[in-house]
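A short reminder: the numbers here are calculations on the coordinates, not readings from a lab. These figures come from a predicted structure and were not determined experimentally. Quick reminder, even Gly has a Cβ in these numbers, built from the backbone with ideal geometry, and neighbours come from all protein chains shown.
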Amino acid sequence: MKKIPLILLAWLHTVCLFAQDAIITQNDPNAFPIVAGKKATSIYVNAHDHWLVQKAAALLQTDVEKVTGSKPDTSQVVPQSAKNIIVIGSLDQSLLINQLVQTKKLQVDSIRGKWEAFQLQVVNKPWPGVDKALVIAGSDRRGTAFGVFELSKQLGISPWYWWADVPVKTKPELWYNSAIKQYQSPGVTYRGIFLNDEAPALSDWSKATFGGFNHLFYEKVFELLLRLKANYLWPAMWGNAFYDDDTLNPVVADQYGIVIGTSHHEPMLRAHDEWRRYGTGKWNYDSNEVRLKKFWAEGIRRNRNYESIVTVGMRGDGDEPMSEKSNIALLERIVADQRKIISNVTGKDATATPQLWALYKEVQDYYDKGMRVPDDITLLLCDDNWGNIRKLPKWNAPKRTGGYGIYYHFDYVGGPRNYKWINTNTIARTWEQMHLAYEYGVNRIWIVNVGDLKPMELPISFFLDYAWAPSKYKTDRTPEYHKKWAQQQFGSANASSIGYLLTKYTQFNSRRKPELLSPDTYSQVNYHEADNVVNEYNKLVNLADSIGKTLPANYQDAYYQLVLFPIKASANLNALYAATGKNYLYAKQNRAATNDLADSVRKLYVTDSLLTLQYNKVMANGKWDHMMDQTHIGYTYWQQPSVNKMPEVKTITPQIRASMGVAIEGAEAVWPNDSTTATLPAINNIQEGVRTIDLFNRGTMPFTYSIQTNSWLHLTATSGQITKEERISFFVEWSAVPFGKHRVPITITGPDNSTVTVYAALEKLDLPKRSKETQVACDGYISMEADQVAKQVNEKNAYWQHIANIGRTGNGLTIFPPLPGVTSFQPTSAHLEYDLYTTDTAATKVMVYCSPTLPFNESTGLRYAFSFDNEAPQMVNLHTDNSEKAWAQSVSDNIRIITSLHNLSKSGRHTLKIWAVDPGIVFQKIVIDWGGVKQSYLGPPAFGRQ
């Protein structure tokens, strides 16, 4: 293998998301040996440095040993003579680092005075008698720790080595590329997670593993956070109390440098459950002010010596809205009184203690109606619990001392339905929404509700990586991220394929949360939708299985929990509901295979429990028992069922004879019983494709059949025997078909010479100058993904950004940068053009499928415009219906479909234009309907994308 020059490696480091090229496994004249010749270079940390720095150095010592088998020595005194040493220290505490700075061996201008900054570099002749030192210097204790863990990650230690059993890839030698100098500091000040809705999975697992949410449990959480460059935690709180359950919890948090806060409805660093334990009277400030003040003062008192962010304000008891009598004046008084408590207990001005006020749910209404808090309090803006940000600061708003934050969700308990079981979050959507937040100046706090922590490993990694370095993600790099993350966990050999699996299963899961699935979610008769969804998942299962068989034994546990289980479990659940829906259809059609479908549903239900058993009891020798205890089958309203419950299935008693039934694509009817004419959805020579006919038995005796049609149609079978059912497909020999519309009979003969005639509707079009981008109408509609664009017009200050896999069925397009909207249009204004060939005229329905973004800009709705040909653009409001019902529908379906009506005076060639107006709209799909679109969940498949 050709050796890569160090200077090229240094350049590669600057462009990679995961910088692993700083480490090489072979000697080079300019490389620094971490381990060479089975000898590990010693690590030096000053005795007076922070506890966290000492701990990080100890963990690095262990990490090096895991990778190489050689354990570095550690010392607190620099030797008089040594060829190479590793030095770790913080600017504010390390005498070793300060000696290097004073002797001008180390330049630290890039990190001095910065928040959590670090640098890694090789220094020549740092002390007399020492040739070289690999120096990890941090501006403070966390910055130093982040530098150490960055090196560990580059050595090959995944941040998830314990939490997801990711094995370490061993190497006999490790060398640091001396040409690389690494400097990093965070883009977001406080970055963290919220352990929430933690029962039954995380709570039962923590009890079984650690005895509860005690300091032993949190030590593992804190180390994970540091390895992910996070610094902030809202601890588990339903029935739990971080400070009260184990008095060592805050002590250990302080040692690890983790900033502790409490959730949006737990003011003054007191857990909700503490009021149940110790509170007296009602959770009501009007009637119980004195006791509440005393309760809150204790929260500040016990934490006054630790780093924290204090939540201020007040919601109702149990995360409920306050009473209707509550008003802005009362809430402002509550905040003022809380700040007096902070000042009195700490002995410092309240501005010296970081605070936040969460504009969650109805609290945002108070803000919108004029409630304000002091400038030093961070305004924690929120999403709608479904990943859609509700409010952002005004564009270029004056800066606040406390800045702005975002509270985001990967997990939620509440309406329209809980989603807690498995990862349904695409990082493409997370990137798009958080990019908006960052561009609007939200960079003080990013915290995300992760539920049980597992199985959210992938989105947690992305959220925190993005919060650390937003500048790396100015454009969509999510496909690269999936691949790099897969490489970090499983090595490079299968990184592309595993990255693809991670991309697609989360995209498929995001279409509809598993808890919202039902037998009628996907259409059984239109566009083969239910079958296609199941087939898409099954392709992922097959690929995941094939990759898993190639992985070494020590990767199997990590692979199962990070890749194989979420794919298999999700595929199985979708198959279960699809089979149930098909069972209902078959019973209605009286198919003999109805009972087989019922048996299939039962088997799929058992498979779900077996997959869970493998995760809880078998994988990793039962290490993660209870982590998959969350119920997810049988929801009837927003709250979870107490146990999983299989959907009801139908059984029939078939006739004791042969009885032919015919069903066609696009209809629930059965022939020969139905009085209507059996006509298949139309097909033309541009879209091509196939059409299907189901022949089935309604009895117990087999029968033979024969099919006759003209030579234009090529059928997969023209005769045979039916025991239960057979699907007949055909394609068209278009070269033999004359131009124009045709209605071709397909005559099916069954038992007792019974016949059914099905008609194939064909249209051959003459379009010699059609470009590949031209979308041609078929069966009364055109369906296209938003990125099937013929022309993309950008402006100087507005360009179209492609976002891969953000759509339910494809990619997306949005406008960057997210500047305030425009209302005047010129031919050069930013817009998308779609070339169309229509065969219908008059009433035209344009349905634009957009991500369910909310009007975050304090407007009455986000807008775009559309026009045909050279007409003036028509303004369209994405949020004309901004009701609670419309919102619930949009988040349940993970789409907002806006319908506009138009009239086309002639058929033929047209240009549809979508004009950018407001930022934040993500266009996913466009369907133009002249009456041919049939009911489905995902909409008709895009032409050319089936």
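Give the cross-link partners of Lys294 among the lysines, using a straight C-alpha distance below 21 Å as the criterion and excluding same-chain residues fewer than 8 apart.
Those lysines meeting the cut-off are Lys282, Lys340, Lys348.
Would you mind ranking Tyr367, Tyr404, Tyr438 so that the residue whose beta carbon has the fewest other beta carbons within 10 Å leads the list?
Tyr367, Tyr438, Tyr404
Over the range 178-274, what relative contact order in percent results from Cα pairs under 8 Å that are six or more residues apart? Before the final figure, lay out each step's value.
Values: 116 pairs, mean separation 28.0, N = 97.
The normalised contact order for the range 178-274 reaches 29 percent.
Is the C-alpha gyration tensor of the range 190-475 telling us rounded, prolate or oblate? Criteria: a/c under 1.5 is rounded; beyond that, a/b larger than b/c is prolate, otherwise oblate. Let's see the in-between values first.
Numbers: a/c = 1.41, a/b = 1.10, b/c = 1.28.
Here the range 190-475 falls in the rounded category.
Assuming R0 = 35 Å, can you tell me the calculated FRET efficiency for the pair Arg770 and Leu543, based on Cβ-Cβ distance, to the nearest 0.05?
Calculated value: 0.50.
To the nearest 20 debye, what is the magnitude of the charge dipole of the range 498-622 about its Cα centre, counting +1 on the Cβ of each Lys and Arg and -1 on the Cβ of each Asp and Glu?
20
Sort 634-644, 164-174 by the packing proxy (mean of other Cβ within 10 Å over each peptide's residues), most packed first.
Descending packing order for the listed peptides: 164-174, 634-644.
Place a +1 charge on the Cβ of each Lys and Arg in the chain and a -1 charge on the Cβ of each Asp and Glu, then give the dipole magnitude about the Cα centre in debye, rounded to the nearest 20.
The dipole magnitude comes to about 1640 debye.
Given labels modelled 7 Å from the Cα in the Cβ direction, how far is it in nm from Asp349 to Leu248?
Spacing of the two 7 Å Cα→Cβ label points: 4.0 nm.
Please work out whether the range 6-184 counts as rounded, prolate or oblate from its C-alpha gyration tensor, where a ≥ b ≥ c are the square roots of the eigenvalues and a/c under 1.5 means rounded, while otherwise a/b larger than b/c means prolate and anything else oblate?
It is rounded, given that a/c, with a ≥ b ≥ c, falls under 1.5.
List the residues of the range 815-833 whose backbone N lies under 12 Å from a point placed 7 Å from the Cα of Glu858 along the Cα-to-Cβ direction.
none
Please list, in order, the residues from the range 454-477 whose amide nitrogen is less than 20 Å from a point placed 7 Å along the Cα→Cβ vector of Tyr799.
Answer for this model: 470-477.
Dipole of the range 52-192, Cα-centred, from +1 at each Lys and Arg C-beta and -1 at each Asp and Glu C-beta, to the nearest 20 debye?
It works out to roughly 220 debye.
Using the basic label-point model (7 angstrom from Cα toward the beta carbon), what is the Val618 to Ser907 distance in nanometres?
Here the answer is 5.8 nm between the modelled labels.
Calculated FRET efficiency, Thr823 and Lys791, Cβ-Cβ r, R0 22 Å, to nearest 0.05?
That pair, Thr823 with Lys791, gives E of 0.45.
Using a Förster radius of 30 Å, what is the FRET efficiency between Thr280 and Leu216 based on their Cβ-Cβ separation? Nearest 0.05, please.
That pair, Thr280 with Leu216, gives E of 0.40.
Return the percentage of antiparallel bridges among DSSP beta bridges fully within the range 348-474, rounded to the nearest 5 %.
So the antiparallel bridges amount to about 15 percent of the total.
Among DSSP bridges having both ends in the chain, what percentage is antiparallel? Round to the nearest 5.
Here the share of antiparallel DSSP bridges comes out near 70 percent.
If you rank Phe118, Phe866 by fewest surrounding Cβ atoms within 10 Å, what's the result?
Ranking Phe118, Phe866 by Cβ neighbours within 10 Å, fewest first, gives Phe866, Phe118.
What does DSSP give for the range 6-184 in terms of the percent of beta bridges that are antiparallel, rounded to the nearest 5?
Details: 18 of 31 bridges.
Looking only at bridges with both residues in the range 6-184, the antiparallel portion is about 60 percent.
Over the chain, what is the relative contact order in percent, taking alpha-carbon pairs closer than 8 angstrom and at least six residues apart?
Once normalised by length, the contact order is 8 percent.
Please give the contour-minus-distance gain from Gln889 to Lys83: 0.36 nm per residue of separation, less the Cα-Cα distance, rounded to one decimal in nm.
Net length gain for the segment: 283.5 nm.
By count of other Cβ within 10 Å, fewest leading, how are Leu501, Leu356 ordered?
So the residues, fewest neighbours to most, are Leu501, Leu356.
Would you list, by chain and number, the lysines whose Cα falls below 22 Å from the Cα of Lys650, excluding same-chain residues fewer than 8 positions away?
Within the straight-line limit of under 22 Å, Lys650 reaches these lysines: Lys582, Lys588, Lys603, Lys724.
Just want the answer: with Cβ charges of +1 for Lys and Arg and -1 for Asp and Glu, which residue in Ser754, Pro855, Gly187 is farthest toward the dipole's positive end in the chain?
Of the options given, the answer is Gly187.
Just tell me which aspartates and glutamates come within less than 16 Å, Cα to Cα, of Lys293; anything on the same chain fewer than 8 places away is out.
List returned: Glu266, Glu274, Asp317, Glu332, Asp337.
How much net charge surrounds Pro126 when only the other residues with a Cβ under 10 Å from the Cβ of Pro126 are counted, with Lys and Arg +1 and Asp and Glu -1?
With Lys, Arg at +1 and Asp, Glu at -1, the net is +2.
Longer than 28 Å from Cα to Cα, which of Lys207/Lys645; Lys83/Lys229; Lys399/Lys483; Lys454/Lys513; Lys181/Lys504; Lys394/Lys474 are they? Say none if no pair is.
From the list (Lys207/Lys645; Lys83/Lys229; Lys399/Lys483; Lys454/Lys513; Lys181/Lys504; Lys394/Lys474), the Cα-Cα distance tops 28 Å for Lys83/Lys229; Lys399/Lys483; Lys181/Lys504.
Taking 7 Å along the Cα-to-C-beta vector as the label spot, tell me the Asp599-Tyr759 distance in nanometres, rounded to one decimal.
With each label placed 7 Å out from Cα toward Cβ, I get 4.0 nm.
Two decimals is fine: what is log10 I(q)/I(0) at q = 0.19, 0.20, 0.22, 0.26 Å⁻¹ for the range 713-809, from a Debye sum with one equal scatterer on every Cα and no solvent?
The computed values of log10 I(q)/I(0) come out as -1.09, -1.14, -1.24, -1.45.
How do the peptides 33-43, 277-287 rank, highest first, by the average count of neighbouring beta carbon atoms within 10 Å per residue? Before the final figure, lay out each step's value.
Values: 33-43: 18.4, 277-287: 13.5.
Packing order, densest peptide first, comes out as 33-43, 277-287.
Taking square-rooted eigenvalues a ≥ b ≥ c of the alpha carbon gyration tensor, is the range 498-622 rounded, prolate or oblate, where a/c under 1.5 means rounded and, failing that, a/b exceeding b/c means prolate?
prolate
Any idea what the relative contact order of the range 674-728 is, in percent, if you count C-alpha pairs under 8 Å spaced at least 6 apart?
Value for the range 674-728: 39 percent.
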